[in-house]
Ligand code: SAH
Ligand code: DHB
Ligand code: MG
């Protein structure tokens with residue numbers, strides 16, 4: 001089945017996603033620097049871009065930068081004068097992301113902050129950072145619930161939150177799996193289940209990244 005998922009994804013991307021030298025260059029630079037190819041797929045990046053445009057996002061927070069591929073999609077959706085902050089643990093990843101954001105002409109509106117995202121988030125909260133319109137959670141899956149709590153603190157009523165990788169090939173419902181990344185997703189789901197602070201859904205996805213899914217939440 002995965003061959004077909006892949007082929008259909010290529011078909012969809014071929015028809016609907018512009019062949020953008022900046023985005024292709026970002027992936028090439030990430031690959032050359034040895035970063036893992038775990039960025040969102042082009043059609044997923046564009047989905048994030050469209051979500052951000054639907055809500056006319058002026059302030060976007062990303063948790064988990066990698067080489068800045070999704071950050072480029074998101075920053076390009078910012079309304080005039082908007083800002084994207086993206087958090088990354090690995091200084092090498094952050095360097096590649098900065099180079100990619102520079103090459104995309106986005107250095108004036110996109111900022112990469114290096115360090116463990118929990119510490120960066122706590123520092124932002126302590127500093128009284130203004131609320132974000134859109135928050136994309138895509139870092140260490142073991143810590144999704146902790147990122148989620150901080151995201152809520154950095155949100156306002158109406159903020160859109162997207163959480164990547166909540167299905168993991170179906171492992172999320174595999175009772176025999178004690179993978180800490182899967183446990184992170186389950187802890188998150190258990191919180192959201194009764195969480196009156198948000199309205200949430202989640203959708204399974206297949207394609208060039210295999211079988212996974214994302215959660216979509218709006219803050220009450
Ligand atoms: N959003 C990116 C992909 C992110 S991959 C894209 O789609 O293009 C996950 C990233 O989270 C990796 O770069 C990894 O180094 C980073 N990461 C892992 N643990 C982290 C932590 N504790 N704090 C911040 N970033 C972390
Ligand atoms: C991994 C991380 C991701 O954010 C993703 O979308 C796919 C895979 C990973 O760490 O393997
Ligand atoms: Mg991801």
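The values are calculated or read from the model by the stated rules, or taken from the named source; none is laboratory data. Worth saying up front: this structure is predicted, and the values here are computed from it rather than measured. Methodologically, a virtual Cβ is constructed for each residue, glycine included, from the backbone with ideal geometry; neighbour enumeration extends over all protein chains shown.
Per the listing 90, 138, the residue uniquely within 9 Å of ligand 1 (Cβ to nearest atom) and touching a residue at least 60 places away in the same chain (Cβ under 8 Å) is 138. The condition of being closer than 19 Å to residue 215 by Cα, surrounded by fewer than 19 Cβ atoms within 10 Å (Cβ to Cβ) and under 16 Å from the mean Cα position of the chain (by Cα) holds for residue 140.
Within region 1-59, the set of residues being within 16 Å of ligand 3 (Cβ to nearest atom) and either in a loop (DSSP other than H, G, I, E, B) or at positive phi (or both) comprises 35, 36, 37, 38, 39, 40, 41.
A single entry from 98, 29 fulfils the requirement of being under 18 Å from the mean Cα position of the chain (by Cα), at pLDDT 95 or above and away from ligand 2 (no atom under 15 Å from the Cβ): 98. Just one of the listed residues (215, 123) is in a strand (DSSP E or B), within 26 Å of residue 68 (Cβ to Cβ) and within 16 Å of ligand 1 (Cβ to nearest atom), namely 215. Summed over region 60-85, the residues that are part of a helix (DSSP H, G or I), closer than 21 Å to residue 141 by Cβ and without any contact (Cβ under 8 Å) to a residue 60 or more places away in the chain give a count of 3. Scanning region 146-179 for residues that are within 16 Å of ligand 3 (Cβ to nearest atom) and either over 21 Å from residue 210 (Cβ atoms) or surrounded by 18 or more Cβ atoms within 10 Å (Cβ to Cβ) (or both) yields a count of 12.
Would you confirm whether or not region 9-31 contains a residue that is in contact (Cβ under 8 Å) with a residue 12 or more places away in the chain, in contact with a strand residue (DSSP E or B) (Cβ under 7 Å, 6 or more places away or on another chain) and surrounded by 15 or more Cβ atoms within 10 Å (Cβ to Cβ)? Yes, because at least one residue in region 9-31 is in contact (Cβ under 8 Å) with a residue 12 or more places away in the chain, in contact with a strand residue (DSSP E or B) (Cβ under 7 Å, 6 or more places away or on another chain) and surrounded by 15 or more Cβ atoms within 10 Å (Cβ to Cβ).
All told, residue 118 falls short of being under 18 Å from the mean Cα position of the chain (by Cα) and closer than 22 Å to residue 55 by Cβ.
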